[in-house]
Amino acid sequence: MRAASGVWRWRRNPLRRATDLVEAWTALLAALLLVTAAPAVGWFAGSATEDSLRQSARQQRLQRHPVTATVLGPLSPAGAPVYTPDSPAAREKPRLVRARWTAVDGGSRTGSVPTTLRDPRPGDRLTVWTDTRGRTAPLPLEPSAVRVHAVLGGLGAAFVCAGLVEALRRLIVRWLSRRRFARLDRAWAATGPDWGRTGTGG
(Lines give C-alpha, C1' and ligand atoms only; values in the text may rest on other atoms or scores of the structure.)
Protein backbone atom coordinates (compact mmCIF):
# COMPACT_ATOMS: atom_id res chain seq x y z
CA MET A 1 0.00 0.00 0.00
CA ARG A 2 2.83 2.40 0.80
CA ALA A 3 4.45 1.65 -2.56
CA ALA A 4 1.17 2.28 -4.42
CA SER A 5 0.51 5.47 -2.48
CA GLY A 6 4.03 6.63 -3.30
CA VAL A 7 3.38 6.30 -7.03
CA TRP A 8 0.06 8.13 -6.68
CA ARG A 9 1.61 10.89 -4.54
CA TRP A 10 4.25 11.70 -7.13
CA ARG A 11 1.88 11.32 -10.09
CA ARG A 12 1.03 15.03 -10.50
CA ASN A 13 3.20 16.65 -7.85
CA PRO A 14 4.83 19.82 -9.28
CA LEU A 15 7.94 19.14 -7.17
CA ARG A 16 8.31 15.67 -8.62
CA ARG A 17 11.68 14.72 -10.01
CA ALA A 18 12.17 11.95 -12.55
CA THR A 19 14.14 9.97 -9.99
CA ASP A 20 11.28 10.26 -7.48
CA LEU A 21 8.86 8.61 -9.89
CA VAL A 22 11.37 5.91 -10.80
CA GLU A 23 11.95 5.15 -7.12
CA ALA A 24 8.21 4.95 -6.45
CA TRP A 25 7.63 2.57 -9.37
CA THR A 26 10.62 0.49 -8.26
CA ALA A 27 9.13 0.14 -4.78
CA LEU A 28 5.75 -0.86 -6.23
CA LEU A 29 7.30 -3.43 -8.56
CA ALA A 30 9.39 -4.86 -5.73
CA ALA A 31 6.31 -5.16 -3.52
CA LEU A 32 4.42 -6.99 -6.27
CA LEU A 33 7.34 -9.40 -6.78
CA LEU A 34 7.54 -10.08 -3.04
CA VAL A 35 3.87 -11.11 -2.86
CA THR A 36 3.76 -13.00 -6.17
CA ALA A 37 7.15 -14.12 -7.48
CA ALA A 38 8.70 -15.15 -4.15
CA PRO A 39 5.83 -17.49 -3.15
CA ALA A 40 5.72 -18.90 -6.69
CA VAL A 41 9.46 -19.62 -6.66
CA GLY A 42 9.11 -21.23 -3.24
CA TRP A 43 6.22 -23.41 -4.39
CA PHE A 44 8.01 -24.59 -7.53
CA ALA A 45 11.24 -25.26 -5.62
CA GLY A 46 9.41 -27.16 -2.89
CA SER A 47 7.48 -29.23 -5.43
CA ALA A 48 10.64 -30.05 -7.37
CA THR A 49 12.44 -31.02 -4.17
CA GLU A 50 9.56 -33.23 -3.07
CA ASP A 51 9.35 -34.98 -6.44
CA SER A 52 13.09 -35.61 -6.46
CA LEU A 53 13.16 -36.92 -2.89
CA ARG A 54 10.12 -39.15 -3.45
CA GLN A 55 11.85 -40.69 -6.45
CA SER A 56 15.01 -41.21 -4.39
CA ALA A 57 12.94 -42.81 -1.61
CA ARG A 58 11.30 -45.20 -4.10
CA GLN A 59 14.70 -46.20 -5.46
CA GLN A 60 16.01 -46.74 -1.95
CA ARG A 61 13.08 -49.00 -1.08
CA LEU A 62 13.74 -51.02 -4.23
CA GLN A 63 17.45 -51.35 -3.45
CA ARG A 64 17.26 -51.86 0.32
CA HIS A 65 15.58 -54.67 2.18
CA PRO A 66 14.71 -55.25 5.84
CA VAL A 67 16.08 -58.50 7.25
CA THR A 68 16.06 -60.08 10.70
CA ALA A 69 19.43 -60.15 12.44
CA THR A 70 20.51 -62.10 15.51
CA VAL A 71 22.59 -60.36 18.16
CA LEU A 72 25.95 -62.03 18.78
CA GLY A 73 27.21 -59.65 21.46
CA PRO A 74 28.08 -56.04 22.32
CA LEU A 75 30.37 -53.95 20.16
CA SER A 76 33.03 -51.50 21.30
CA PRO A 77 32.17 -47.77 20.88
CA ALA A 78 34.82 -47.53 18.14
CA GLY A 79 32.38 -49.01 15.61
CA ALA A 80 30.51 -46.72 13.23
CA PRO A 81 26.70 -46.66 13.46
CA VAL A 82 24.61 -47.03 10.34
CA TYR A 83 21.56 -44.78 10.49
CA THR A 84 20.28 -41.47 9.18
CA PRO A 85 19.44 -38.37 11.27
CA ASP A 86 15.81 -38.61 10.06
CA SER A 87 15.29 -42.16 11.30
CA PRO A 88 13.61 -43.05 14.59
CA ALA A 89 16.73 -45.02 15.51
CA ALA A 90 18.79 -41.82 15.47
CA ARG A 91 16.34 -40.01 17.71
CA GLU A 92 16.44 -42.89 20.21
CA LYS A 93 20.27 -42.98 20.36
CA PRO A 94 20.87 -46.58 19.27
CA ARG A 95 23.56 -48.83 20.68
CA LEU A 96 25.91 -50.82 18.50
CA VAL A 97 25.94 -54.60 18.64
CA ARG A 98 27.54 -57.33 16.60
CA ALA A 99 24.94 -59.35 14.75
CA ARG A 100 24.48 -61.96 12.04
CA TRP A 101 21.84 -61.91 9.31
CA THR A 102 20.95 -63.64 6.07
CA ALA A 103 21.22 -61.47 2.96
CA VAL A 104 18.67 -61.45 0.17
CA ASP A 105 21.01 -63.65 -1.89
CA GLY A 106 20.94 -66.29 0.85
CA GLY A 107 24.45 -65.69 2.14
CA SER A 108 25.29 -65.13 5.80
CA ARG A 109 26.64 -61.75 6.87
CA THR A 110 28.13 -60.51 10.14
CA GLY A 111 28.71 -56.92 11.18
CA SER A 112 27.89 -54.04 13.51
CA VAL A 113 24.32 -52.77 13.56
CA PRO A 114 22.46 -50.18 15.68
CA THR A 115 19.71 -51.27 18.01
CA THR A 116 17.32 -49.48 20.33
CA LEU A 117 17.11 -52.47 22.67
CA ARG A 118 17.87 -51.28 26.19
CA ASP A 119 19.76 -54.42 27.12
CA PRO A 120 20.70 -56.33 23.96
CA ARG A 121 21.83 -59.88 24.64
CA PRO A 122 23.12 -62.67 22.41
CA GLY A 123 20.22 -64.34 20.67
CA ASP A 124 17.99 -61.26 20.59
CA ARG A 125 16.50 -60.47 17.21
CA LEU A 126 16.24 -57.13 15.50
CA THR A 127 15.49 -55.72 12.06
CA VAL A 128 18.24 -54.19 9.94
CA TRP A 129 18.22 -52.73 6.45
CA THR A 130 20.64 -54.11 3.86
CA ASP A 131 21.48 -53.36 0.24
CA THR A 132 21.40 -55.80 -2.65
CA ARG A 133 24.79 -57.20 -1.59
CA GLY A 134 23.68 -57.84 1.96
CA ARG A 135 25.63 -55.00 3.52
CA THR A 136 24.02 -52.79 6.16
CA ALA A 137 22.49 -49.62 4.75
CA PRO A 138 20.65 -46.57 6.11
CA LEU A 139 16.89 -46.67 6.35
CA PRO A 140 15.07 -45.49 3.23
CA LEU A 141 13.98 -41.89 3.36
CA GLU A 142 10.72 -41.62 5.26
CA PRO A 143 7.69 -39.73 3.83
CA SER A 144 7.72 -37.33 6.78
CA ALA A 145 11.36 -36.48 6.09
CA VAL A 146 10.54 -35.91 2.42
CA ARG A 147 7.84 -33.42 3.36
CA VAL A 148 10.07 -31.61 5.85
CA HIS A 149 12.92 -31.25 3.35
CA ALA A 150 10.50 -30.09 0.63
CA VAL A 151 9.00 -27.43 2.91
CA LEU A 152 12.44 -26.23 3.98
CA GLY A 153 13.63 -26.13 0.38
CA GLY A 154 10.59 -24.14 -0.70
CA LEU A 155 10.93 -21.66 2.16
CA GLY A 156 14.63 -21.24 1.47
CA ALA A 157 14.00 -20.55 -2.23
CA ALA A 158 11.25 -18.04 -1.39
CA PHE A 159 13.49 -16.19 1.07
CA VAL A 160 16.37 -16.13 -1.43
CA CYS A 161 14.07 -14.72 -4.11
CA ALA A 162 12.73 -12.09 -1.70
CA GLY A 163 16.28 -11.18 -0.68
CA LEU A 164 17.36 -10.74 -4.30
CA VAL A 165 14.36 -8.52 -5.04
CA GLU A 166 15.05 -6.35 -2.00
CA ALA A 167 18.77 -6.17 -2.81
CA LEU A 168 18.01 -5.06 -6.36
CA ARG A 169 15.57 -2.43 -5.08
CA ARG A 170 18.17 -1.05 -2.69
CA LEU A 171 20.77 -0.90 -5.48
CA ILE A 172 18.39 1.06 -7.69
CA VAL A 173 17.52 3.45 -4.86
CA ARG A 174 21.20 3.95 -4.12
CA TRP A 175 21.90 4.68 -7.78
CA LEU A 176 19.01 7.17 -7.89
CA SER A 177 20.29 8.89 -4.74
CA ARG A 178 23.73 9.26 -6.29
CA ARG A 179 22.15 10.85 -9.37
CA ARG A 180 20.24 13.30 -7.17
CA PHE A 181 23.39 14.29 -5.28
CA ALA A 182 25.37 14.60 -8.51
CA ARG A 183 22.70 16.89 -9.98
CA LEU A 184 22.66 18.94 -6.79
CA ASP A 185 26.44 19.26 -6.90
CA ARG A 186 26.31 20.51 -10.49
CA ALA A 187 23.59 23.00 -9.65
CA TRP A 188 25.56 24.28 -6.66
CA ALA A 189 28.72 24.55 -8.73
CA ALA A 190 26.83 26.71 -11.20
CA THR A 191 25.21 29.05 -8.65
CA GLY A 192 27.46 28.73 -5.63
CA PRO A 193 30.06 31.39 -6.56
CA ASP A 194 27.33 34.02 -6.95
CA TRP A 195 25.37 33.04 -3.84
CA GLY A 196 24.70 36.04 -1.57
CA ARG A 197 26.10 38.67 -3.92
CA THR A 198 24.09 41.83 -4.36
CA GLY A 199 22.24 42.01 -7.63
CA THR A 200 22.65 38.34 -8.50
CA GLY A 201 19.86 35.93 -9.11
CA GLY A 202 17.08 38.36 -10.01
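The values are calculated or read from the model by the stated rules, or taken from the named source; none is laboratory data. All values derive from a computational prediction rather than experimental measurement. No Cβ is skipped: glycine too gets one built from the backbone with ideal geometry, and neighbour counts run over all protein chains shown. Remember, those area values only see protein heavy atoms, side chains included, never the ligands or the DNA or RNA. Shrake-Rupley method; radii C 1.70, N 1.55, O 1.52, S 1.80 Å.
Considering only the stretch 135-159, state which residues are closer than 15 Å to residue 52 by Cβ and within 8 Å of the chain's Cα centre (by Cα).
152, 153, 154, 156, 157
How many of the residues making up the stretch 68-89 are surrounded by fewer than 17 Cβ atoms within 10 Å (Cβ to Cβ), modelled with pLDDT of 65 or more and under 15 Å from residue 137 (Cα atoms)?
Summing the residues that are surrounded by fewer than 17 Cβ atoms within 10 Å (Cβ to Cβ), modelled with pLDDT of 65 or more and under 15 Å from residue 137 (Cα atoms) in the stretch 68-89 gives 1.
Looking at 19, 102, which is the one that is β-branched (Val, Ile, Thr) and either at pLDDT 85 or above or closer than 30 Å to residue 147 by Cα (or both)? Quick ask: steps written out before the conclusion?
Details: 19 fails: either at pLDDT 85 or above or closer than 30 Å to residue 147 by Cα (or both).
When all the criteria are applied, what remains is 102.
Condition first: within 22 Å of residue 114 (Cα to Cα) and out of contact with any strand residue (DSSP E or B) (no Cβ under 6 Å at 6 or more places or on another chain). Now tell me which residues in the stretch 137-153 satisfy that. Can you show your working first?
Residues of the stretch 137-153 within 22 Å of residue 114 (Cα to Cα): 137-145.
Matches in the stretch 137-153: 138, 140, 141, 142, 143, 144, 145.
If I ask for residues that are among the hydroxyl-bearing types (Ser, Thr, Tyr) and exposed (fewer than 13 other Cβ atoms within 10 Å of the Cβ), which ones from the stretch 26-55 would you list? Explain how you work it out, then say what you get.
The first filter runs over the stretch 26-55 and keeps only residues among the hydroxyl-bearing types (Ser, Thr, Tyr), leaving 26, 36, 47, 49, 52.
Selection gives 36 alone.
Please identify the pairs in which a residue from the stretch 124-135 that is within 15 Å of residue 107 (Cβ to Cβ) has its Cβ atom under 7 Å from the Cβ atom of a residue that is open to solvent by 90 Å² or more (accessible area, probe 1.4 Å), counting only partners at least 6 apart or on another chain.
131/63; 132/63; 134/105
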